[in-house]
Amino acid sequence: MSYRSNADLGGRADPRPVLPEAVGELFHASWEPRVLALTLAMGATGLWSIDHSRAARETLPNYADLTYYEIWLAALERLSLESGAVDATELRQGQALQRAIPIPRRLDAASVAAVLARGSPVARPASQPQRFTVGQAVRTRADQPNHHTRLPAYARGKSGIVERTHGVHVFADAQAQGLGEQPQWLYTVVFTAQELWGQPVAPTAPRSVSVDAWEPYLEPA
């Protein structure tokens, strides 16, 4: 099964120009803040996780043709349909036509600042010892999974060195598939630029790249 995530943009040539924007310029249209608010409010209900929402955005078939908040809106529509929060007719007509489904939580306006400041911690207790240690040489998995993954394509099948251990965290790959949290040890792995790109880099270019990688991504080098 072929699977592509639009999160995998690193290392690809892109003919589109980079257009600098003014610092602090957050929105470009009046509807964009509403999409942000809707996304935050619906994410807080617990109908889906942050990993579900990332997967929904990054696997949109027309991702490259959409602006930033158009991507957020399209993903919100997809998640709302998949969760049963709305149906296709309601989306087309822009109004509720059925009784609302039960939701685990609700984000009240007065609680928004506190909830955003608190975030959603993903650290979990360890249930097994870590497999790798700082300074150890490792190699990332080379296969292309048939599901959403946080391991960049450019870093697959590459050798690096474990630089840091971050403890155990929710495994995004499992969570995005609806398989539960399946917490895994998380590491920072450092790769040389030449290892990743396969050619000498310019003198002014970064000499190494760090990637946070869950333990299932790694094997001893």
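The values are calculated or read from the model by the stated rules, or taken from the named source; none is laboratory data. Model, not experiment: these values are computed from the prediction. In this analysis, Cβ positions are derived from the backbone assuming ideal geometry, glycine residues included, and neighbour counts consider all displayed protein chains. Calculation scope for accessible area: heavy atoms of the full protein, side chains included, ligands and nucleic acids excluded. Shrake-Rupley method; radii C 1.70, N 1.55, O 1.52, S 1.80 Å.
Residues that are open to solvent by 40 Å² or more (accessible area, probe 1.4 Å) and either in a helix (DSSP H, G or I) or without any contact (Cβ under 8 Å) to a residue 12 or more places away in the chain (or both) within segment 42-71 comprise Met42, Ile50, His52, Arg54, Arg57, Pro61, Tyr63, Ala64, Asp65, Leu66, Tyr68, Glu70, listed in sequence order. All of (1) open to solvent by less than 60 Å² (accessible area, probe 1.4 Å); (2) without any contact (Cβ under 8 Å) to a residue 40 or more places away in the chain; (3) part of a strand (DSSP E or B) hold for Gly135 with one exception: (3). Looking only at segment 152-164, how many residues end up being assigned to a strand (DSSP E or B), open to solvent by less than 30 Å² (accessible area, probe 1.4 Å) and touching a Ser or Thr at 6+ places or on another chain (Cβ under 7 Å)? Total satisfying the criteria: 1.
Residues are listed down the side, and each one gets a yes or a no for (1) open to solvent by 50 Å² or more (accessible area, probe 1.4 Å); (2) over 22 Å from the mean Cα position of the chain (by Cα); (3) closer than 30 Å to Glu82 by Cβ:
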site	(1), (2), (3)
Arg150	yes, no, yes
His166	yes, no, no
Gln177	yes, no, yes
Tyr187	no, no, no
Glu195	yes, yes, no
Leu218	no, no, no
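All told, Pro15 meets the bar of being over 29 Å from Asp173 (Cβ atoms) and either surrounded by 15 or more Cβ atoms within 10 Å (Cβ to Cβ) or out of contact with any helix residue (DSSP H, G or I) (no Cβ under 7 Å at 6 or more places or on another chain) (or both). One residue alone among Thr149, Thr140, Thr188, Thr165 is farther than 23 Å from Asp8 by Cα and either without any contact (Cβ under 8 Å) to a residue 12 or more places away in the chain or of a type in the set (Val, Ile, Thr) (or both), and that residue is Thr165.
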